Amino acid sequence: MSINMVKEMRKLSVKAIILIVLMSWAIAEGASAQGEKTPRKRSFPPVILKTNLLYDMLAAPAVGVECSPATKWSVALNGAYGWTDGGPFGDRVRVVTGDAELRYWPGGKAMLKGLHAGAYCGVYRYDFLFGRKGEQAKINWGMGLSVGYAFRIDDQFGVDLNVGFGYIGGKYKSYEVSDDAYRHNVWQADKMRHYIGPTKAEVSLVWHLPLGRKGGAL
């Protein structure tokens, strides 16, 4: 894959994030305008907070917020931050991620329960060291398609299962650790990542906020 093609795909990823935000706004406006003959008081759309338990267990706490601007649509923003030196997962695992996802719920009542499918794009910053060899990237980016299923535990809490398949690309550095007392990183090469495969895994605990409720019920 040429450098020019990588640059074009990076621009496409940025445009995809903007498109997701614009589509969610357009869906919300269209849903509120459809069938309305008289003005009515606006209410908050349903909102949830969530944390990805898979990332939490890997010492990279993850939080997300999702709102439903229309009955069968929702838009989610997620982020994770992990910074560990040593431990069972490697000599150094540092990662910062963020992604935006637009979801479609064919059964209606977005974010409550049932099957959902979506498209997402994200950015990734990382530094992984296993043994003496490591990889470090200031910024990588990606996009893909997702499918998942959500179910309720009670009126306030639920679980969301989600997996995604897509592409991650961008520049990264490979390095080795020196033998001196300070364990300096020794640069080896600048490389380009072109990964296609699973890029998203989510087992999230979900908290349904009271926004958008009528009479205390969703």
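The values are calculated or read from the model by the stated rules, or taken from the named source; none is laboratory data. Everything numeric here is computed off the predicted structure, so don't read it as measured data. Cβ placement follows ideal geometry from the backbone for every residue including glycine, while neighbour counts extend to all protein chains displayed. For the accessible areas, the whole protein counts, side chains as well, though only heavy atoms, and no ligand, DNA or RNA atoms are used. Shrake-Rupley method; radii C 1.70, N 1.55, O 1.52, S 1.80 Å.
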Fill in the blank from the handout: Selection from region 170-200 of residues within 15 Å of TYR120 (Cα to Cα) and over 16 Å from the mean Cα position of the chain (by Cα) yields ILE196
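Would it be correct to say that TYR167 is modelled with pLDDT of 95 or more and of a type in the set (Ser, Thr, Tyr)? Show your work before the answer.
Details: modelled with pLDDT of 95 or more: yes; of a type in the set (Ser, Thr, Tyr): yes.
So TYR167 passes the test.
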Problem - Positions within region 145-159 being under 17 Å from SER74 (Cα atoms) and aromatic (Phe, Trp, Tyr), in sequence order - result: TYR149, PHE151
Problem - Number of the exception - GLN156 against (1) among the polar types (S, T, N, Q); (2) within 18 Å of the chain's Cα centre (by Cα); (3) over 23 Å from PRO198 (Cβ atoms) - result: (2)
Problem - Residues of region 127-140 satisfying the condition of being open to solvent by less than 60 Å² (accessible area, probe 1.4 Å) and either touching a residue at least 40 places away in the same chain (Cβ under 8 Å) or of a type in the set (Lys, Arg) (or both) - result: LEU129, GLY131, GLY134, ALA137, ASN140
Practice task
Report yes if TYR175 is surrounded by 17 or more Cβ atoms within 10 Å (Cβ to Cβ), among the hydroxyl-bearing types (Ser, Thr, Tyr) and modelled with pLDDT of 95 or more, otherwise no.
Solution key: no
Problem - VAL75 vs. criteria in contact with a Leu (Cβ under 7 Å, 6 or more places away or on another chain), without any contact (Cβ under 8 Å) to a residue 24 or more places away in the chain and outside any loop (DSSP other than H, G, I, E, B) - result: no
Fill in the blank from the handout: Within region 49-75, residues more than 25 Å from PRO106 (Cβ to Cβ) and either charged (D, E, K, R) or over 14 Å from the mean Cα position of the chain (by Cα) (or both) come out as ASP56, MET57, LEU58, ALA59
Handout entry: Yes/no for LYS200 being surrounded by 20 or more Cβ atoms within 10 Å (Cβ to Cβ) and either modelled with pLDDT of 95 or more or not acidic (Asp, Glu) (or both)
Key = yes
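Working carefully through the options VAL93, VAL147, find the one that is within 24 Å of ALA59 (Cα to Cα) and either touching a Phe, Trp or Tyr at 6+ places or on another chain (Cβ under 7 Å) or aliphatic (A, V, I, L, M) (or both). Write out each step before concluding.
Values: VAL147 fails: within 24 Å of ALA59 (Cα to Cα).
From the options VAL93, VAL147, the qualifying one is VAL93.
Residues checked against (1) surrounded by 11 or more Cβ atoms within 10 Å (Cβ to Cβ); (2) assigned to a helix (DSSP H, G or I); (3) at pLDDT 85 or above; (4) of a type in the set (Gly, Ala, Ser):
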site	(1), (2), (3), (4)
MET9	yes, yes, no, no
ILE18	yes, yes, no, no
SER24	yes, yes, no, yes
GLU36	no, no, no, no
THR51	yes, no, yes, no
SER68	yes, no, yes, yes
THR84	yes, no, no, no
GLY98	yes, no, yes, yes
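Looking only at residues in region 127-178 that are in a strand (DSSP E or B) and of a type in the set (S, T, N, Q), which one is farthest from THR51 (Cα to Cα)? Talk me through it step by step, then tell me what you get.
Applying the first criterion (in a strand (DSSP E or B)) to region 127-178 yields 127-130, 133-152, 157-177.
After this cut, where a residue has to be of a type in the set (S, T, N, Q) as well, the list is 136, 140, 146, 162, 174.
Values: GLN136: 26, ASN140: 23, SER146: 17, ASN162: 12, SER174: 31 Å.
Among them, the one singled out is SER174.
Test ALA119 against the stated conditions and say whether it is open to solvent by 30 Å² or more (accessible area, probe 1.4 Å), closer than 15 Å to ASN162 by Cα, at pLDDT 95 or above and within 15 Å of the chain's Cα centre (by Cα). Step through it out loud before you land on a result.
Values: open to solvent by 30 Å² or more (accessible area, probe 1.4 Å): yes; closer than 15 Å to ASN162 by Cα: yes; at pLDDT 95 or above: yes; within 15 Å of the chain's Cα centre (by Cα): yes.
It is true that ALA119 is open to solvent by 30 Å² or more (accessible area, probe 1.4 Å), closer than 15 Å to ASN162 by Cα, at pLDDT 95 or above and within 15 Å of the chain's Cα centre (by Cα).
Residues of region 154-163 being of a type outside the set (A, V, I, L, M), open to solvent by 10 Å² or more (accessible area, probe 1.4 Å) and without any contact (Cβ under 8 Å) to a residue 60 or more places away in the chain, which ones? Please lay out each step first, then the result.
We begin by selecting, within region 154-163, every residue of a type outside the set (A, V, I, L, M); these are 154-158, 160, 162.
The next check asks that each one be open to solvent by 10 Å² or more (accessible area, probe 1.4 Å); those that pass are 154-157.
Result: ASP154, GLN156, PHE157.
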Handout entry: Test result for LEU112, closer than 25 Å to LEU161 by Cβ, open to solvent by less than 60 Å² (accessible area, probe 1.4 Å) and in a loop (DSSP other than H, G, I, E, B)
Key = yes
